[in-house]
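*Asks:* Please read through the structure below; I'll follow up with questions.
A short reminder: the numbers here are calculations on the coordinates, not readings from a lab. This structure is a prediction, so every number in the text was calculated from the model and none was measured. Cβ: placed from backbone, ideal geometry, glycine included. Neighbour counts: every protein chain shown.
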Amino acid sequence: MKQRVGKIAGYKSELFANLRGKAERIVEIGVGTGPNLKYYADYPDILVFGVDPNRKMQKYAEAAAETAGFPPSNFRFMQAVAEALPLKDASVDAVVGTLVLCSVKDVDQALQEVRRVLKPGGLYIFVEHVAAKDGTLLRFVQGILDPLQQTVADGCHLTRHTATNIATAGFADLDVNQAVLSTASLINPHVYGVAYK
Ligand SMILES: C[S@@+](CC[C@H](N)C(=O)[O-])C[C@H]1O[C@@H](n2cnc3c(N)ncnc32)[C@H](O)[C@@H]1O
């Protein structure tokens, strides 16, 4: 696994470039306020389904879509969870999820749903924060603060091993990297990459 230090925007641009020419229908799990929508703006005619259980995110995500230049009919907010995507089998070219598997109730179920809705050869693009290396001070502090984080940050876990979940989810191929954000934070390191169905 490659290790980098930097800002999230740097490697997000590289990551989302994988969509070029490969995706017309995308579902983003945990779309939140829509910070990733600007990365799809270069792809004309793309249809994006933004899934989030929090209905309050809809107006922010729709505003972000408008700012990114999406025609209103090309962005559809869906109130749902990643563990039960309201989409047919093999119906999208790409699934995107950033900083969401820390919050879902069942990581493996969410990943099975990602695989189910992807067309064969489809891409799953992810950025997730994970537990720090065992034995480090950061890992120790994460362990102590994990219950508090779940309470104050809407169910966000600090100590998940999400890269392992992704690696064992049954994808045909996987490119995964690790980054440490230069802004010191408990939410480190990040794993990011592309998995292919
Ligand atoms: C930390 S925010 C990340 C938002 C955005 N993806 C980003 O990168 O900034 C986590 C989002 O996941 C959503 N979420 C929580 N549980 C979820 C679930 N089971 N399925 C899908 N989204 C979920 C939350 O409502 C929130 O909008």
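*Asks:* Any chance you could list P(r) for the range 48-155, counting all Cα-Cα pairs in 10 angstrom bins from zero, rounded to whole %?
*Replies:* All Cα pairs, binned at 10 Å, distribute as 13, 37, 32, 16, 3 percent.
*Asks:* Here's another thing I want to ask about it. Under 5 Å between amide hydrogens, which residues at least 5 positions from Arg160 or on another chain qualify, with H placed 1.01 Å from N in the peptide plane?
*Replies:* Close amide H contacts, sequence-distant or interchain: Ala131.
*Asks:* Just want the ordering: Glu113, Glu83, Glu28, from fewest to most Cβ atoms lying within 10 Å of their own Cβ.
*Replies:* With the fewest neighbours first, Glu113, Glu83, Glu28 line up as Glu83, Glu113, Glu28.
*Asks:* A follow-up question, please. Between Leu99 and residues 5 or more places away or on another chain, which pairs have amide H atoms under 5 Å apart, with H built 1.01 Å from N, and which residues are they?
*Replies:* The answer is Val127, Glu128, His129.
*Asks:* Also: Rounded to the nearest 500 deg cm²/dmol, what is the calculated helix-only ellipticity per residue at 222 nm for the chain, with -39500 (n - 2.57) per DSSP H run of length n ≥ 4?
*Replies:* Only helices count here, giving -8000 deg cm²/dmol.
*Asks:* Please state the relative contact order of the range 87-182 as a whole percent: Cα pairs under 8 Å, 6+ residues apart?
*Replies:* Computed value for the range 87-182: 30 percent relative contact order.
*Asks:* Mind listing the long-range amide H neighbours of Met78? Cut-off is under 5 Å, sequence gap 5 or more, other chains count too, H placed in the peptide plane at 1.01 Å from N.
*Replies:* Under 5 Å from the amide H of Met78: Gly50, Val51, Asp52.
*Asks:* Once the piece of chain linking Glu14 and Asp173 is laid out straight, how much longer is it, given 0.36 nm per residue of separation minus the C-alpha distance between them?
*Replies:* 55.4 nm
*Asks:* With angles folded into 0 to 90 degrees, how steeply does helix 57-67 sit against the dominant principal axis of the chain? Use alpha carbons for both and round to 10.
*Replies:* 60
*Asks:* Oh, and also: Along its three principal axes, how long is the range 121-197 when you only count alpha carbons? Whole Å, largest extent first please.
*Replies:* 40, 24, 21
*Asks:* Can you check what the net charge comes to around Phe171, using other residues whose Cβ is under 9 Å from the Cβ of Phe171 (Lys, Arg +1; Asp, Glu -1)?
*Replies:* Spelling it out: positives minus negatives among the neighbours equals +1.
*Asks:* From the convex hull of the Cα coordinates of the chain, what is the mean projected area in square nanometres?
*Replies:* Reported value for the Cα convex hull: 10.4 nm².
*Asks:* If the elastic network links every pair of Cα atoms under 10 Å, which of Val104, Val127, Val27 fluctuates the most in the Gaussian network model of the chain?
*Replies:* Judging by the Gaussian network model, the answer is Val104.
*Asks:* Picking from Ala61, Ala172, Ala131, which is most flexible by a Gaussian network model of the chain using Cα springs under 10 Å?
*Replies:* Ala172
*Asks:* Taking the chain as a Gaussian network, where each spring joins two C-alpha atoms under 10 Å apart, which residue of Leu174, Leu148, Leu37 fluctuates the most?
*Replies:* Leu148
*Asks:* Per-residue HN-Hα couplings for the range 87-93, Karplus 6.51 cos²θ - 1.76 cosθ + 1.60 at θ = phi - 60°, whole Hz, x for Gly and Pro?
*Replies:* 9, 6, 4, 6, 10, 10, 7
*Asks:* Take the Cα pairs of the range 46-108, get the Kirkwood Rh, then feed it into Stokes-Einstein at 25 °C and 0.890 mPa s and tell me D in µm²/s.
*Replies:* 192
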